[in-house]
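The structure under discussion appears below in the form of C-alpha cells.
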Amino acid sequence: MSERTDLPLPDYDHLPVGSLISRIRTLDADGLQTVLTYEQSHANRVQVVQAMTHRLEELQAGAQPSGGDPGAPQPEHAAPPAGGSEVSEATSGPPMNPPSHGDPTNPAQPRSTG
C-alpha cells in the first residue's frame, strides 16, 4: 500500500473527482496502478475506481498516457491575490455630495415662489 506522499498525483486527496479522472489519463500503467491501490485502500469511491480500472485496461491494450502534467496547477483553486490595491487618488471617482433630503448637515432650502 502506498503512502499519500508517494503518489504520482500531487495533493491526490484534495482533487475533485472530475479533475482526478482527467489527471489519471496522464499516468502510465505503473503510476495508475499505484493510485488505484491507494484509492481502493482509502476512500474506495466507486466512480473513481471504475474510471481507473477502465483506464488501466486501455493502457494495457496499448493506449498511451495523454502527456499532460499531473502536477499542473488546479483550475478549481483560485490563484492567490496579487496583493495591494490599484486604487489611488488618480483612479478614484469624483467626490459625492449627498442629496439634501435625509442629510441633517445639509438642510433643505425653501422653494422660491416667485
For region 1-28, give me each residue that is surrounded by fewer than 16 Cβ atoms within 10 Å (Cβ to Cβ) and hydrophobic (A, V, I, L, M, F, W, C). 1, 17
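Would you be able to say whether some residue in region 49-65 is of a type in the set (A, V, I, L, M, F, W, C), outside any helix (DSSP H, G or I) and in contact with a helix residue (DSSP H, G or I) (Cβ under 9 Å, 6 or more places away or on another chain)? Reasoning before the result, please.
In the first step, residues of region 49-65 are kept if they are of a type in the set (A, V, I, L, M, F, W, C); the result is 49, 51-52, 56, 59, 61, 63.
Restricting the remaining residues to those that are outside any helix (DSSP H, G or I) gives 61, 63.
Narrowing further to those that are in contact with a helix residue (DSSP H, G or I) (Cβ under 9 Å, 6 or more places away or on another chain): 63.
Yes, some residue in region 49-65 is of a type in the set (A, V, I, L, M, F, W, C), outside any helix (DSSP H, G or I) and in contact with a helix residue (DSSP H, G or I) (Cβ under 9 Å, 6 or more places away or on another chain).
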Looking only at region 1-48, count how many residues are outside any helix (DSSP H, G or I), at pLDDT below 90 and either of a type in the set (Phe, Trp, Tyr) or within 13 Å of residue 69 (Cα to Cα) (or both). 2
Go through (1) in a loop (DSSP other than H, G, I, E, B); (2) modelled with pLDDT of 70 or more; (3) not polar (S, T, N, Q) for residue 114 and report which single condition fails. (2)
Please go through region 48-73 and pick out each residue that is surrounded by 14 or more Cβ atoms within 10 Å (Cβ to Cβ) and either in contact (Cβ under 8 Å) with a residue 60 or more places away in the chain or more than 20 Å from residue 38 (Cβ to Cβ) (or both). 70
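The values are calculated or read from the model by the stated rules, or taken from the named source; none is laboratory data. Worth saying up front: this structure is predicted, and the values here are computed from it rather than measured. Using ideal geometry, Cβ is built from the backbone for each residue, glycine included, and neighbour counts are taken over all protein chains shown.
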